[in-house]
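The values are calculated or read from the model by the stated rules, or taken from the named source; none is laboratory data. Fair warning: this is a prediction, and the values are worked out from it, not measured in the lab. Cβ atoms come from the backbone with ideal geometry, glycine included; neighbour counts cover every protein chain shown. Side chains are part of the model used for accessible areas, which takes the heavy atoms of the whole protein and leaves out ligands, DNA and RNA. Shrake-Rupley method; radii C 1.70, N 1.55, O 1.52, S 1.80 Å.
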Amino acid sequence: MAATSKKPQKKRKPLSKKPQGDLVFALDIGTRSIIGIVGRVEGDLFKVLAIESEEHARRSMKDGQIEDIDQVAQVARRVKQRLESRLGVMLKKVCIAAAGRALKTQKADYEIQLEQVRQIDGELIGRLEIGAVTAAEEAFHKENNAEDEEQGRGFFLVGYSVLSYYLDNLNISSLKDHKGRNLKVEVIATFLPREVVDSLYMTMQKCSLEVVSLTLEPIAAINAAIPQDLRLLNLALIDIGAGTSDIAVCRDGGVTGYTMATVAGDEITEALMKQYLVDFNTAEQIKMNYADHETVTFTNILGTEETVKRESIVQVLKVPVDNLSSEIVRCVEELNNGAPSAVFLAGGGSKLAGLKEAVAEKFNMDKKRVAIAGGNFKLSAFSDKYDLNSPEYATPLGIAVSSGLRLLHDSLQILLNGKPAKIFKSGTLKVIDVLMMNGYVYGHILGHSGKNVTVTVEGQKKVFYGERAVPAILKLNGTDASISDVVQAGDRVDFTPAVSGQDAQPAAADVMAEGFIPEDWDIYVNGEKVSPETLLKNGDEISLIKRPEDYRGSELPQSMEQTPKNMQDFQEMKSEESEAVSDAPSFGIHVTLNDKPLSLPAKDSGEPVYLMDLLEYSELDFDNLNTSVSLRVNGEESNFLQEIKNRDIIEIKCDENTGL
């Protein structure tokens, strides 16, 4: 029998995958599952080419927050790989959104008073908004500091929205190019724990994906569910997921705020688990199926099969549905300062039977004003393969639309000082947004001059000025830029923070005029004698008394020192000085007579003041003296005709060593 031989088969080369090109890859990393969407922009719409999803095998996420990074990364990789196989592309760049489990908001305002009326430009508006956001950050950290330190976490500024502008105390929609002096802005800033952001980046890194767009889930959802032209109305979007209910509110053409409720679909699932003794997955199946069936059959954890009527399940869920709707309505009214005009419900939880009616009832609005999102998706996206009207697509489709319809280049990456910046992208992005979303604050951008110190020297105000700030250096793609410049995909921002000036730190000797020698004077601060090196504080009152020539540069004998013990003594000395010259219309010179300050009136004749003019102030009874009198000026023996100068130290005393 002749042997037969087989020709060796050639191994097929694996088909090479095309680069991602202009395709937008969006991942919605939810509590229950991960949904991936790939598409491209065609005209003014986003065309969805492929959708893949997979549920987490274990509860590796809690309330939208990644708990097990490795487990979540494995699911995300599988979703990515299936999309790559279906489209024949290699996905390298991804758009994601952060859930708001611990999302917090803070309102603040800021005002700028200009020296004169001027035209308002973008740079001035940027400074105004920076001031308001910084005020919001300071208020936020002040309120949350103790809690943050206890939990050992920091917060990440993920964005802010302008609530109102004011020009000369009048509300105005835009300040640009108007003229005025008084500018004010009110903003709402949003913060997330840094671990929320960092865990997302780490998960994507494990999937070999580069994050090119990051936004908040409520922003993404509203971009899909409520088109821009509808945002003139006061509307609320509530995206009810498994772990959180993300909320966004719009009015007057913009998104005015976003927050989240800590109750969502899991509360409903857990209620079913407790009532029917079933595991989590079985409870999820009951939740998804009961509204469309008269009865639901399942097996509990004891192995017993049960069949339950829909009406019974409705009764079981009555309390948790009421709690869910109450919390949602409370959060919306707090964010919106009242009920909105209409409400859109999105996410898988929006399908919960009776929820829509409960929300309408608690808002005290017509049931027709609460709708399931999905009807407006067609205004921003379409697909030849998929029905996109499901409310569960609000967030993943919103992520894709938010990035895709604003896609300017192949990459949305922005470099800040040579490293990829963390950016929550929603709409036009300015330099100020890049800086503030990456940890820089008002002081880094504009700097602060050092604090001044104002004192009083012999009744005259004197100001010591703090150092001026060294201005920041800001460049966009190598060219000098302003904080209001628009940043686009692929741009490079280089920023050197401003250096704030040092506070003024004047010493007592610094109050003296140029040419004065500190050692020739005694310096009193608030009535206390101090050394020339003593640092001055705001509001200090300073007096200077010249020393006699014989004692300059050294300590005076105790008998010749003016030594008030405290401020009260000093004020009494001043009071005595005032009483001694109360009848004088003006003062010519200030001297020290017998250790007490004395102010002498100027002579009408213009003649100088002589030592004999001070005899009447010496408190000596010249008509009944029985001792000789010692006359000294600045420590030197003098006579009655000695001319007295300002600040002289004078002694007119009985000589205790002689007697008659």
* Averaged per residue, what accessible surface does segment 172-257 expose to a 1.4 Å probe, in Å²? -> 31 Å²
* List every residue whose amide H lies under 5 Å from the amide H of ALA98, counting only residues 5 or more places away in sequence or on a different chain, with H placed 1.01 Å from N in the peptide plane. => THR215, LEU216, GLU217
* Residue-by-residue Karplus 3J(HN,Hα) for segment 305-322, coefficients 6.51, -1.76, 1.60, Hz, glycine and proline x -> 7, 10, 10, 10, 6, 4, 4, 5, 5, 4, 5, 4, 8, 4, 5, x, 5, 5
* To do: Report ASP44's accessible area, 1.4 Å probe, all protein chains in place, as a number in Å² to the nearest 10.
  => 140 Å²
* Asked: Mind listing the phi-derived Karplus ³J(HN,Hα) values for segment 496-511, rounded to whole Hz, using 6.51, -1.76 and 1.60 with θ = phi - 60°, and x for any glycine or proline?
  -> 10, x, 5, 10, 5, x, 6, 5, 5, 9, x, 9, 4, 5, 6, 6
* Asked: Where Lys and Arg each count +1 and Asp and Glu each count -1, what net charge lies around SER500 among other residues with Cβ under 14 Å from its Cβ?
  -> 0
* **Extension gain (nm, one decimal) between ARG310 and GLN488, 0.36 nm per residue minus Cα-Cα** => 58.8 nm
* Structure fact -> Carbon and sulfur atoms account, in whole percent of the 1.4 Å probe accessible area of segment 449-513, for 46 percent
* **Radius 12 Å from Cβ of GLN106, net charge of other residues (Lys, Arg +1; Asp, Glu -1)** => -2
* Structure fact -> Per residue, accessible area of segment 57-100 with a 1.4 Å probe, heavy atoms of protein chains only, in Å², comes to 43 Å²
* **Projected label distance in nm at LYS18 and ASP510, using a 7 Å step from Cα toward the beta-carbon** => 7.0 nm
* Asked: At a 1.4 Å probe, what is the % contribution of carbon and sulfur to the accessible area of segment 242-302?
  -> 48 percent
* At most 15 other Cβ within 10 Å, DSSP loop - trypsin sites (Lys or Arg not before Pro), segment 327-412 -> LYS385
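Counting only DSSP beta bridges with both residues in segment 285-426, what percent are antiparallel, rounded to the nearest 5?
70 percent
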